[in-house]
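Contents: one structure, followed by commentary.
The values are calculated or read from the model by the stated rules, or taken from the named source; none is laboratory data. Note that the coordinates shown come from a computational prediction; the quantities given were computed from them, not determined experimentally. Every residue, glycine as well, gets a Cβ built from its backbone with ideal geometry; the counts of neighbours run over all protein chains shown. Note: accessible area is taken over every heavy atom of the protein model, side chains too, but ligands, DNA and RNA are not part of it. Shrake-Rupley method; radii C 1.70, N 1.55, O 1.52, S 1.80 Å.
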Amino acid sequence: MILLWLNVFTFLLASALSVPVQQGDQDWWKHGVFYQIYPRSFKDSNNDGDGDLQGILQKMEHFADAGITGVWLSPIMKSPQIDAGYDISDYYSIDPMYGSMEDLKKLIERSHELGLRIILDFVPNHTSDQHEWFKASENRTENFEDFYVWVDGTPDKPPNNWRSVFRNSAWTWSEKRQQWYLRQFLAAQPDLNFWNPKVRQALWDVLVYYMDMGIDGFRVDAVPYFVEDKLLRDEPRSYDPNSQPEDHEYLDHIYTMNTDDTFDVLYEFREVVDNYTRKNGGDARILMSEAYAPLDKTMLYYGTADGSRLGAHFTFNFFFVGINLNTSNAYNVENLVYQWIDNLPNIYVSNWDMGNHDNRRVSTRFGVENVDGFNMLLNLLPGIGVTYYGEEIGQEDGEVTYEQGKDPAARNRSTFDKVSRDFERTPFQWDDTINGGFNEGHETWLPVSDKYHQTNLAAQKEVEGLSHYKIYKEVLRKRQEDPARIGDSNIWGISEDILVLKRSLEKKHIVLAFKLGWHNHTEPETAYVPGIKCDTATVALTNVDSSYKIGDTVNPMNFVLKPHDSIVLDIQC
């Protein structure tokens, strides 16, 4: 239930800041490609083993060369790094590991010179327990007493049955305050209390501070967890009979995730950034939201169906991230695309995301031989594309031992290989010099993959013929052509193993035909493009090692694909 005072507070906020919209491009993001950087793993400029802002600054031309719209930085704010920077101890400082606020300002300036945007990771659900806000709250300092969720009780019995994402109780006992505090993640990450309007105002101030600096938008972390049931009711048992009492999945999280008041908080964040643009002019500042949530809830993070209240400019579509190769085929991929598009109100913009810092890399999950096809698919679908660093060169998961691992979610040796997120976070592979060009030889925070000798950006830029990077760059150029940018979209699984995507504008068509080669589909297969009546198509782009060459002509009503073939066709009829 959305409280009356929350609505009144929102109205006052909007009324206080609303002014006529200034000139600027409000739609720049709608067909953009956003590139996620894990800063610690991108480029180490000072050879200390950790990537940094100066390293990113040195490589900004890479994004301009590729055709990227915006660069999203995973957390760079000051943090004890208990959870890879998602435990912020000061929203107004850059972690010394990454550099300084001056480095960030230089990065923003250079990005704008190159026509690029910078998106910051914003973590509002919780802070580090080393944040001054938490220290003041634990000490019951005036104005901070209720900055976090505190509950009376005894140290031997948590207030209710709520579970942490990282297993066990979501409550931690404070000896100093003699109360329990809520932490839906690690004990070192206490949850902020969104029932307190001072908390929301403090977070709005953070957004304004970085927009004043020139930041173009924010990726909002862990959105479903913002607001919990004020009555602290026990959550019901999960429908999953296989879940165990210590698991997060043991419970149906109706009181701790995706509550009505949580949506309202995100809508307020949107009002803050929109009103900032109205007041200060310039191009739109945007919000992206991370929400692993049921589909109906995910759509609400965009805003209400009629657009009367807006949430994130887009909330991440994780459908491709969750594809299970053991049970999936081309029909399943088709269904996932339509499931998203059909449920998204037409006033909002689709987005497509296949990998991130929490999931195994695309090349590892789908096979290196399929990375070109999936890069083509992601970037020719309508709307926004999201690239995780390394996907443009087909980088695979790295090799990390338990002793080398850093992920707090993987502290159990017996499950390390299954749950650790270190494998997808290893350093970017720039060239075949020491440490893959990540630095000048200092031991890296996570080991550079042994595969860097074969898979690196420099080699793929220099090779004669096609490479993963050249294909990625060309498909980003192709997506700017009118049929792919504003044309109609249709996708079909024309067999268990062949996927066809068609983007059409009047008589011009851009078509992707992709034979996945999954399971036992190892033989060549005849393909066709539904709805096409002409008999000639030109091959505009292929995958590495395709059976076709750029410039070939084919009959779009009857052509053959080998396993892992992915070809882009230009058709006019």
>> Going through the cross-link list Lys43/Lys461; Lys418/Lys562; Lys297/Lys418, which pairs have a Cα-Cα distance over 21 Å in this structure?
In response: Lys418/Lys562; Lys297/Lys418
> Check Asp397: other-chain or 5+ apart residues with amide H under 5 Å from its amide H, H built from backbone geometry?
Replying inline: Arg361, Thr364
> When Rg is the radius of gyration of the Cα atoms in segment 469-573 and Rh is its Kirkwood radius, what does Rg/Rh come to?
Replying inline: 0.94
> For segment 314-368, what percent of Cα pairs sit more than 13 Å apart?
Replying inline: 63 percent
> To the nearest whole percent, what portion of all C-alpha pairs in segment 97-214 is separated by more than 16 angstrom?
Replying inline: 67 percent
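Compute the Kirkwood hydrodynamic radius of segment 353-419, taking the inverse of the mean of 1/r over all pairs of distinct Cα atoms, and give it in Å to one decimal.
Values: mean 1/r = 0.0753 Å⁻¹.
After inverting the mean inverse Cα-Cα distance, the result is 13.3 Å.
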>> Once each part is reduced to its C-alpha centroid, what is the distance from segment 484-533 to segment 320-386 in angstrom?
In response: 15 Å
> Which whole-Hz ³J(HN,Hα) couplings does segment 105-113 yield from phi under the Karplus relation 6.51 cos²θ - 1.76 cosθ + 1.60, θ = phi - 60°, glycine and proline marked x?
Replying inline: 4, 5, 5, 4, 4, 5, 4, 5, 4
>> Once the convex hull of the alpha carbons of segment 181-233 is built, what does its volume come to per residue, in cubic angstrom?
In response: 99 Å³
>> I'd like to compare 147-159, 115-127: which one has the highest average count of other Cβ atoms within 10 Å, and what's the full order after that?
In response: 115-127, 147-159
>> Using a probe radius of 1.4 Å on heavy atoms only, what accessible surface per residue do you get for the chain? Whole Å² is fine.
In response: 40 Å²
> Where does the Debye-calculated log10 I(q)/I(0) of segment 185-315 sit at q = 0.09, 0.13, 0.14, 0.18 Å⁻¹, using only Cα point scatterers of equal weight, no solvent?
Replying inline: -0.31, -0.61, -0.69, -1.05
> How many percent of all Cα-Cα pairs in segment 264-309 sit more than 12 Å apart?
Replying inline: 64 percent
> Net charge near Thr553, counting Lys/Arg +1 and Asp/Glu -1 over other residues with Cβ under 14 Å of its Cβ?
Replying inline: -2
> When you take every Cα atom in segment 381-469, what is the radius of gyration, and what is Dmax, the widest Cα pair distance, in Å?
Replying inline: 14.9, 46
> Whole number please: convex hull volume per residue of the Cα set in segment 44-165, in Å³?
Replying inline: 152 Å³
> How many angstrom separate the Cα center of segment 164-234 from the Cα center of segment 112-133?
Replying inline: 14 Å
>> From the phi angles alone, apply the Karplus equation (6.51, -1.76, 1.60; θ = phi - 60°) to segment 315-325 and give each ³J(HN,Hα) in whole Hz, x where the residue is Gly or Pro.
In response: 10, 4, 8, 9, 4, 5, 4, x, 4, 9, 5
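Per-residue counts of other Cβ atoms within 10 Å, averaged by peptide: what ranking do you get for 477-488, 220-231, highest first? Walk me through the numbers on the way to the answer.
Details: 477-488: 17.1, 220-231: 21.2.
So the peptides 477-488, 220-231, ranked by packing, come out 220-231, 477-488.
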> What does the charge count near Pro80 come to, summing +1 for each Lys or Arg and -1 for each Asp or Glu among other residues with Cβ under 11 Å from its Cβ?
Replying inline: -4
> Rounded to two decimals, what ratio of Rg to Rh does segment 252-406 give with C-alpha atoms and a Kirkwood Rh?
Replying inline: 1.01
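Provide the net charge surrounding Asn356, with neighbours chosen by a C-beta distance below 9 Å and charges set as Lys +1, Arg +1, Asp -1, Glu -1.
So the environment of Asn356 carries a net charge of -4.
Roughly how many percent of the accessible protein surface of the chain is carbon and sulfur, given a 1.4 Å probe and a whole-percent answer? Could you put the intermediate results ahead of the total?
Numbers: 11020 of 22770 Å².
That share works out to 48 percent.
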> Using modelled backbone amide H atoms (1.01 Å from N, in-plane), which distant-in-sequence or interchain residues come within less than 5 Å of Asn193's amide H?
Replying inline: Tyr148, Val149
> What's the percent breakdown of Cα-Cα distances in the chain across 10 Å bins, shortest bin first?
Replying inline: 3, 16, 27, 27, 18, 7, 1, 0
>> Show me, for segment 246-261, the HN-Hα J-couplings you get by feeding each phi into the Karplus relation (A = 6.51, B = -1.76, C = 1.60, θ = phi - 60°), rounded to Hz, glycine and proline as x.
In response: 7, 7, 4, 6, 5, 10, 8, 8, 6, 10, 10, 9, 6, 6, 4, 6
>> Cut-off under 14 Å on the C-alpha distance; same-chain residues fewer than 8 positions from Lys515 excluded. Which aspartates and glutamates are left, in chain and number order?
In response: Glu334, Glu369, Asp372, Glu496, Asp497, Glu523, Glu525, Asp545, Asp565
> Of all DSSP beta bridges in the chain, what percent run antiparallel (nearest 5)?
Replying inline: 65 percent
> Amide H of Arg219: which non-local residues (sequence gap of 5 or more, or other chain) have their own amide H closer than 5 Å, using H built in the peptide plane?
Replying inline: Leu120, Asp121, Phe122, Met288
